[in-house]
Every structure is written in structure tokens, then in C-alpha cells.
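Sharing a structure with you now.
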Amino acid sequence: MITNFFIPELNNHDVQELWFQKDGATCHTARATIDLLKDTFGDRLISRFGPVKWPPRSCDLTPLDYFLWGYVESLVYADKPQMPDHLEDNIRRVIADIRPQMLEKVIENWTSRLDYIRASRDSHMPEIIFKM
């Protein structure tokens with residue numbers, strides 16, 4: 001998927017300042033995967049074995065992790081698509097229907113998380129803040 005879809009799609013955009021983040025799940029940190037991502041992103045790779053280390057036992061810190069994927073998935077599969085075209089249509093529709101007001105709330109929540117992390121001074125965080 002990375003070589004056949006992701007990187008060719010990146011080549012269609014200006015991504016010189018783009019950072020890439022992968023969590024520390026074992027399946028996401030295979031040497032071949034990390035090497036390929038390092039070749040693509042250089043020192044702008046956040047991963048367990050990347051140039052910028054993924055914090056161990058960290059909560060999901062980015063809006064993509066703690067909001068977007070779950071939100072989109074819950075709506076995309078609501079009508080149980082059986083064909084790839086139907087699934088793709090659902091994904092496009094759900095993404096297009098996300099309103100700026102919702103994204104503003106997500107960013108507010110994200111800044112609250114960052115404030116919480118700063119205040120905890122990188123110590124264990126027993127609870128994760130979820131507000132919508």
C-alpha cells in the first residue's frame with residue numbers, strides 16, 4: 001500500500017514540509033517499512049524506530065488518531081458497504097460532510113491535550129481528555 005498508493009499519491013502534492021507519524025505497533029515498524037518511510041520523509045518521520053521517537057505508552061496525541069479515523073469509520077460502515085466502490089463513495093461522502101465547526105472543536109480538544117501533557121511534565125497520564 002505504501003509503495004503502490006501512498007508514495008505515488010504524495011508525489012502529486014508539495015510535501016516538502018510534511019511530517020509522517022506511525023505508532024509503535026510491531027506491524028507498523030518492520031525494517032523495510034521504516035527504511036522506506038525514512039527514504040521518503042527523512043528526519044520528518046515520527047515512529048518507534050524513526051528519527052523522532054514515538055513516545056512509549058503515549059496516548060493518541062493527534063486529531064487523526066483520537067478523532068478522525070474512528071468518526072469516519074463509524075459512519076462509513078453504517079450501511080455495511082459490500083463493494084469497494086460503495087465503500088469509496090461512503091469515505092468521500094463522510095469526509096466531505098465534516099464541517100469547519102467540528103474541526104474547530106477537534107483543534108480545541110487537541111490544544112487541551114497538549115496543555116495537559118505540558119502540565120504533566122511527561123509523566124503517566126491516567127486519563128485521556130475527550131470532549132466534543
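The values are calculated or read from the model by the stated rules, or taken from the named source; none is laboratory data. For clarity, every value in this text was computed on a predicted model and none was experimentally measured. Positions of Cβ are backbone-derived with ideal geometry, glycine not excepted, and every protein chain shown enters the neighbour counts. We work out accessible area using only protein heavy atoms, side chains counted, and drop any ligands, DNA or RNA first. Shrake-Rupley method; radii C 1.70, N 1.55, O 1.52, S 1.80 Å.
Looking at 36, 18, which is the one that is without any contact (Cβ under 8 Å) to a residue 60 or more places away in the chain and within 16 Å of the chain's Cα centre (by Cα)?
Only one candidate passes the filter, namely 18.
Go through the range 8-45 residue by residue and tally those that are at pLDDT below 85 and in a helix (DSSP H, G or I).
Residues that pass the stated criteria total 3.
OK, next. Quick one: how many residues across the range 90-116 are over 13 Å from residue 67 (Cβ atoms), open to solvent by 90 Å² or more (accessible area, probe 1.4 Å) and either assigned to a helix (DSSP H, G or I) or modelled with pLDDT of 95 or more (or both)?
Qualifying residue count, the range 90-116: 3.
Condition test on residue 73, is it under 16 Å from the mean Cα position of the chain (by Cα), in a helix (DSSP H, G or I) and at pLDDT 90 or above?
Considered against the rule, which asks whether it is under 16 Å from the mean Cα position of the chain (by Cα), in a helix (DSSP H, G or I) and at pLDDT 90 or above, residue 73 comes out as yes.
Among the listed residues 56, 51, which satisfies the condition of being farther than 23 Å from residue 1 by Cβ and modelled with pLDDT under 85?
Testing whether each residue is farther than 23 Å from residue 1 by Cβ and modelled with pLDDT under 85 leaves just 56.
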